[in-house]
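> The structure under discussion is supplied below as structure tokens; questions concerning it will follow.
The values are calculated or read from the model by the stated rules, or taken from the named source; none is laboratory data. Values in this document were obtained by computation on a predicted structure and should not be read as measured data. As a convention, Cβ positions derive from the backbone with ideal geometry for all residues, glycine included, and neighbour counts pool all protein chains shown.
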Amino acid sequence: MRYFFGILAIAVAVLLLRYNEQAYRIFGRWNWAEKMFTSGGTRSGIKLVAIVAIILSIVFMTDTVNQFRDLLLAPFKAAAPIVR
């Protein structure tokens, strides 16, 4: 089942990347994206969301969530060791 939802999420994300202008017209302006990205604004935000969705879908489909989490949190583990 995770493969079905993963492929579905990737397909939707690819469509967002392909039809970025139409997605912009549907969703409208995102104020946070307009402030964050000086060039492109909401269009860049839509692309960023689509790319993150593709990456997370691949992570969930391959069942490497724990390894991905450890990879992202590795710099913080060195800075603040866990005391038990």
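> When you go through 57, 44 one by one, which is the residue that is of a type in the set (Ser, Thr, Tyr), in a helix (DSSP H, G or I), modelled with pLDDT of 85 or more and under 19 Å from residue 9 (Cβ atoms)? Break it down stepwise before answering.
Values: 44 fails: under 19 Å from residue 9 (Cβ atoms).
Matching residue, one of 57, 44: 57.
> A further question follows. Identify the single condition in (1) at pLDDT 90 or above; (2) surrounded by 16 or more Cβ atoms within 10 Å (Cβ to Cβ) that residue 37 does not satisfy, given that it satisfies every other one.
(1)
> Here's something else I'd like to know. What's the number of the only condition in (1) in a helix (DSSP H, G or I); (2) charged (D, E, K, R); (3) at positive phi that residue 63 fails to meet?
(1)
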